[in-house]
1. Just how large is the dipole of the protein assembly as shown about the Cα centre, in debye to the nearest 20, putting +1 at every Lys and Arg Cβ and -1 at every Asp and Glu Cβ?
2. Taking the simple approach of a point 7 Å from Cα along Cα-to-Cβ for both B:D16 and B:Y76, what is their distance in nm?
3. Which of A:S29, A:S68, A:S50 ends up with the largest GNM mean-square fluctuation for chain A, with Cα atoms connected below 10 Å?
4. Using only protein heavy atoms and a 1.4 angstrom probe, determine the accessible area buried between B and A, summed over both sides, in Å² to the nearest 100.
5. Among DSSP beta bridges whose residues both lie in chain A, state the antiparallel percentage, nearest 5.
6. At most 11 other C-beta atoms within 10 Å and a DSSP loop state: those are the exposed GluC sites (Glu not before Pro) I care about. Give me the longest piece of chain B that has none.
7. Can you tell me which aspartates and glutamates have their Cα less than 15 Å from the Cα of A:K85? Leave out same-chain residues fewer than eight positions away.
8. Straight-line reach from B:K160: which lysines fall under 25 Å, measuring Cα to Cα and dropping same-chain residues less than 8 apart?
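The values are calculated or read from the model by the stated rules, or taken from the named source; none is laboratory data. Everything numeric in this text was worked out from a predicted model, so none of it was measured. Heads up, the Cβs are rebuilt from the backbone with ideal geometry, glycines too, and the neighbour counts pull from every protein chain shown. For the accessible areas, the whole protein counts, side chains as well, though only heavy atoms, and no ligand, DNA or RNA atoms are used. Shrake-Rupley method; radii C 1.70, N 1.55, O 1.52, S 1.80 Å.
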Amino acid sequence: MEPISIEGTAKTPSVQFSPDGVIEIKGRSIPENSVEFYKPLVDWLEEYKSNPLEKTKVNIQLEYFNTSSSKCILDVFKKLEAIHKGKNEVEINWYYEEDDEDMLEAGEDYESIIRVPFKMIEITD
Amino acid sequence: MSFNIQDYYSELNNGDVLLAYKGSISSELINNVLDTIESKLQDFDEHSKIRKKVYNVLVESLQNLYHHIDDLPEEYKREFDERFGILVVSREDERYKISTGNFIRNNHIEDLEAKINKINSLDRDELKEMYKYILNHQKLSEKGGGGLGLVDIARKTGHKLDYSFRVFNDEYNFFILSVYISN
């Protein structure tokens, strides 16, 4: 599998998906049309899911995301949930900035929907 | 007499206004507004928690407009830009106010009003459940909207959605939504 490497913009996050089992999404995700941006990522995970590594490490560090992205991010997590159900380890690290209770709560919302344990990591200055 | 948008815009556009705009709500405009407000909030040295809430709510408000503005009939297209909307961001009594306005077809009012009333009837935990339910069960529309914008705004601000519909003509109303962000 080819890795995905996308640089961040003012409205879209930076993305690093590596076949070595490390998946990262960082920055801002506020595009008007989020499906266009996330579809290749979800497709990549669908392929990775067929032959995942024993352990997949996921780092999500978003500063902002809009509700249009929230559904696409859930699609990403659902692929990871399937890998987890297939008895492969999935570690999800959800980063949020100090005092950003909304972002912490957003992580908790996802955790309760996909039923894969999240590690909530507060970033302090 | 029909609702006068210019008068309303002038009325909103006083006090401590950070930004006021009327015209086409394009993707580019959204970028410019977000940049402007972000730098103003930084200049105010606003607490990061409030800064983020204002930014988040502004994104949802603008993208709600972008996805949902109803197209006007031909005879008004000379008077109003395509995807015409208004936006005013102001600061009053230690709180931020984001007001948006857009045309809505009369036959769309009932659904929107029912949705807002439903949101306004819910407490914090119920809003969280509603958000999670829509997130998990509703597909994105072709327009890219997910039906989550208003729920998200209500959740993040912790305030009721303040709205009104003003009669514009036989077919259209002008929908005004104001949301408040405070500590």
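1. Charge dipole, the protein assembly as shown, about its Cα centre: 620 debye, nearest 20.
2. The answer from the label model is 3.4 nm.
3. A:S50
4. Working: alone 10600 and 7250 Å², together 15200 Å².
When B and A are taken together, about 2600 Å² of accessible area is lost.
5. Numbers: 8 of 29 bridges.
Beta bridges within chain A, antiparallel portion: roughly 30 percent.
6. Numbers: sites that count: B:E79, B:E94, B:E142.
Within chain B, the longest run free of exposed GluC sites (Glu not before Pro) spans B:1-78.
7. Excluding near neighbours in sequence, the set is A:E46, A:E54, A:E111.
8. Hits, sequence-local ones excluded: A:K71, B:K22, B:K49, B:K52, B:K53, B:K97, B:K115, B:K118, B:K128, B:K132.
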